[in-house]
1. So what's the net charge close to B:THR40: Lys and Arg +1, Asp and Glu -1, counting the other residues with Cβ under 12 Å from its Cβ?
2. Cut-off 18 Å, label point 7 angstrom out along Cα-to-Cβ of B:LEU129: give me the residues of region A:324-346 whose amide nitrogen falls inside.
3. Would you list which lysines come within 23 Å of A:LYS242, measuring only between C-alpha atoms, while excluding same-chain residues fewer than 8 positions from it?
4. Which residues' amide hydrogens lie under 5 Å from the amide hydrogen of B:ALA232, considering only partners 5 or more residues apart or on another chain, with H built in the peptide plane?
5. Which of the listed residues, A:SER150, A:TYR335, A:LEU112, is farthest toward the dipole's positive end in chain A, when Lys, Arg count +1 and Asp, Glu count -1 at the beta-carbon?
6. Is region A:8-57 rounded, prolate or oblate when judged by the Cα gyration tensor, a ≥ b ≥ c being the square roots of its eigenvalues, rounded requiring a/c under 1.5 and prolate requiring a/b larger than b/c?
7. Using unit Cβ charges (K, R positive; D, E negative) and no other charged atoms, how large, in debye to the nearest 20, is the dipole of the protein assembly as shown about its Cα centre?
8. Using r as the Cβ-Cβ distance of B:ALA376 and B:GLU321, and R0 as 35 Å, what FRET efficiency do you calculate, to the nearest 0.05?
There are 2 protein chains.
Amino acid sequence: MIETAITRESQSVIFQVEAIDPRTQARAGRLFTAHGEIETPVFMPVGTQGSVKALTQEMLETLDARIILGNTYHLFLRPGLETIRQLGGLHRFISWPRAILTDSGGFQVFSLGELRKIREEGVEFRSHLDGSTQFLSPEVSMEIQHALGSDIVMAFDECTPYPATPREALDSLELTARWAVRSRAEFDRIKNTPRSNGLAPLLFGINQGSVYPELRRQSLDRLLEIGFEGYAIGGLSVGEEKSQMYEITEFIAPQLPPDRPRYLMGVGTPEDLIECVARGIDLFDCVMPTRNARNGQVFTSRGKLNIRNARFARDERPLDEECRCAACRRYSRAYIRHLYQSGEILALTLCSTHNLAFYLDSMRQIRHSIALGEFAEFRLCYLEKYRSGAG
Amino acid sequence: MIETAITRESQSVIFQVEAIDPRTQARAGRLFTAHGEIETPVFMPVGTQGSVKALTQEMLETLDARIILGNTYHLFLRPGLETIRQLGGLHRFISWPRAILTDSGGFQVFSLGELRKIREEGVEFRSHLDGSTQFLSPEVSMEIQHALGSDIVMAFDECTPYPATPREALDSLELTARWAVRSRAEFDRIKNTPRSNGLAPLLFGINQGSVYPELRRQSLDRLLEIGFEGYAIGGLSVGEEKSQMYEITEFIAPQLPPDRPRYLMGVGTPEDLIECVARGIDLFDCVMPTRNARNGQVFTSRGKLNIRNARFARDERPLDEECRCAACRRYSRAYIRHLYQSGEILALTLCSTHNLAFYLDSMRQIRHSIALGEFAEFRLCYLEKYRSGAG
């Protein structure tokens, strides 16, 4: 069983911390996946249905995105497991040779409200596409993510709604903890069975506990007992105050194992990213850069602007004068505004390109500043400039 | 006035015929514009509002499109003349360094139906955007196209509706002829006045006369009296039988001056293109490759297919196995079908890329076969294969 031994050996190095900021919890690291190394901190563009909206995979490569997200719920319903299996897994299906993280499907299922019924065994729900009855559980989620060929698999959790009483949050985190045990067991059972690629994926556990520090710690204890290749903080950015999100992150991140990657799910604005790097987070994902792009909202080094605004009608500057992305190198604000006003698809592609470039470049700059031991200064300058007002 | 002399001198070579097929009217040529040479026969992608829909300008360059269309009516209404003037013309505004042909605005205005009133002086119409009253005439159209910095300017014509009685067609072509005189005069008056670039544009006259050969000839006589740098055949592909479109093209194209480029407006399918090259046409434009792409209709060397069809759900082949475009090199039919089913923008970008690649490649192959003296054989093979059925 030499092959298995090699796989296990190579998997023993999951994450290397390369630099730690002396004055904050910020760290620069390197995450090893079956589809390449990822320098952290990193932002992961969201490709819900197997496409980061309005961009080609070539554009993502030009942006040097190293890892993107896929969505278990959506891909399970369409094109469906059998199709993806037959087409050799998600990487091959969407022609993306770099890393993919898949969520567990839980978050979407719980968002269905009246359309779902939670039991100990799992969640019965009705497809938003055709109303058919479907079922997700830790075991099914692991099976789907295995078939997708995901590099980073998320444990099946209940994303505790906000607000939740301490009692509700406790019940929820305990369900998540029991499901985490089952996720780990099923993941381990199938991880060495044949799948689209021979390389072993990583399983991340998800911390819950709403806005209650003691419950967060309780959830963490359960996860640490099980043991995961990485740890995610879930159930934030779901309606709580921003200060609460920062506080919980600040409380829980430093308690996560230092030699494992830390992922703050669904966060956030550029300010959130740098603030949560300072609190010890390594991985982020958020639909904001692409979704907001489609509404004309552009992130720049000097803050946000809405390109549909009339004041840009004759503005020959690029979206961000400091950006070197494909949109900023070639097109003016005036042209992009015109494209929006005219309902042209190209508007969405250009703004999505730029917004992701801004997010990914910000993370690279943050990483660089950590490596140089200058993160604290960088953070101040970055935020001051970002808040100074755009264009 | 050395500069003017040079401009005139360089303009004296507008078009060179490089090869003529011995058995048909097909010809290979080279058209000289202020923004580069164009090898003909050529297909011109349509960029109505200053964007070839769903594509970036980089993608158009990768496809080696040498000339695209812009739409006077749309650009006049939005972003408007003053904005485009201030931003240095259309090439600079949209960041397109190669050639641009602009239509005269006539076709769109006449499509407005109840919203427009035709007089000898010009056409009063209501904007489809805000209902405001606007006016287009030969002089206004020349002014707009001059401000846009168009390389090929179209005379302001009335696109004769179909069907038209001989009397209606005659009245219409006579109006077009009188407007052609005014277009020529205004174009010549302003062509050497400062505009966004110093290079002189070309003015094309438009042949009308509906489906009546004698009226087509009458219209042509009027155009030849005036004299243009190129000649377009208008008023076809507007509802008449396909056989009538071919017959009129076959009748009128060989009567056009052999040393001037010939442009068949708004045509057509891949079969139409090769059939009309055989009848002596050099330039084509049509929304079909991009518009049909957005409905999932794909043109391949073996005919059309609709990628939304369920039979492609697990088809790992590219859209066209003989195509080397960016979409076919990387993505499967199964993936592109999934993107359509999921409402992903990327579906539109990939199919538009491929369809334009197919059109542009077809024209390059046609040109090559003419140069080799093998057009007749190529035409047979191309059509046989195209009609053999896709996938």
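The values are calculated or read from the model by the stated rules, or taken from the named source; none is laboratory data. Because the structure is predicted, anything quoted here is derived from the model rather than measured. No Cβ is skipped: glycine too gets one built from the backbone with ideal geometry, and neighbour counts run over all protein chains shown. The area values use the complete protein model at the heavy-atom level, side chains included, leaving out ligands, DNA and RNA. Shrake-Rupley method; radii C 1.70, N 1.55, O 1.52, S 1.80 Å.
1. +3
2. Residues A:332-346 qualify, since their backbone N sits under 18 Å from the label point.
3. A:LYS304, A:LYS385
4. Distant-sequence amide H within range of B:ALA232: B:GLY205, B:ILE206, B:ASN207, B:TYR263.
5. Of the options given, the answer is A:TYR335.
6. oblate
7. Working: 92 positive and 100 negative charges, 20 e Å.
Value, rounded to 20: 100 debye.
8. Here the calculated transfer efficiency is 0.85.
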